[in-house]
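The values are calculated or read from the model by the stated rules, or taken from the named source; none is laboratory data. Remember, it's a predicted structure, so these values are computed and weren't measured experimentally. Ideal geometry is used to build each Cβ from the backbone, glycine not excepted, and the neighbour counts take in all protein chains shown. Only protein heavy atoms, including side chains, enter the accessible area calculation; ligands, DNA and RNA are left aside. Shrake-Rupley method; radii C 1.70, N 1.55, O 1.52, S 1.80 Å.
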Amino acid sequence: MAGGSLALTQQNQMVQGTVTIGSDTMTISEGRLNGEELSFSAGGNTFTGTVKGNRIEGKLGGKAISATKQ
């Protein structure tokens, strides 16, 4: 994720972690993974997207973001 990072942990369908954009770190809440579909809330915004291999793509608060596992 250019200019930021995404740190996730998963237990079954539940996802937890943090999103860091610039100097702002936000805790992920209501994280769910259903097949390839990932959704969570962070900083008052909702992320919806897909997981494909080591890549996540979607929208957070209407802004397109992507992340690749390092």
(request) May I ask for the net charge around Ala67, where only other residues with Cβ less than 14 Å from the Cβ of Ala67 are counted and Lys, Arg are +1 while Asp, Glu are -1? (result) +4
(message) 7 Å from Cα along Cα→Cβ at both Glu30 and Arg55: what's the point-to-point distance in nm?
(response) 2.8
(request) Using R₀ = 25 Å, calculate the FRET efficiency as 1/(1 + (r/R₀)^6) where r is the Cβ-Cβ separation of Glu37 and Ala7; round to 0.05. (result) 0.80
(request) Give me the accessible area per residue for the range 17-70, probe 1.4 Å, as a whole number in Å². (result) 63
(message) Explain nothing, just the number: dipole magnitude of the chain about its Cα centre with +1 on each Lys and Arg Cβ and -1 on each Asp and Glu Cβ, in debye rounded to the nearest 20.
(response) 140
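Got a number for carbon plus sulfur as a percent of the chain's accessible area, 1.4 Å probe?
So the carbon and sulfur contribution to the accessible surface is 46 percent.
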(request) Express the relative contact order of the range 1-56 as a whole percentage, based on alpha carbon pairs under 8 Å and six or more residues apart in sequence. (result) 22
(message) Taking only Cα atoms of the chain, what ratio of Rg to Rh do you get with Rh as the Kirkwood inverse-distance radius?
(response) 0.91
(request) May I ask which residue of Ser41, Thr25, Ile56 lies farthest towards the positive end of the charge dipole of the chain, with charges of +1 (Lys, Arg) and -1 (Asp, Glu) on Cβ and the Cα centre as origin? (result) Ile56
(message) Calculate the FRET efficiency for Ser66 and Gln16 from the Cβ-Cβ distance with a Förster distance of 22 Å, rounded to the nearest 0.05.
(response) 0.65
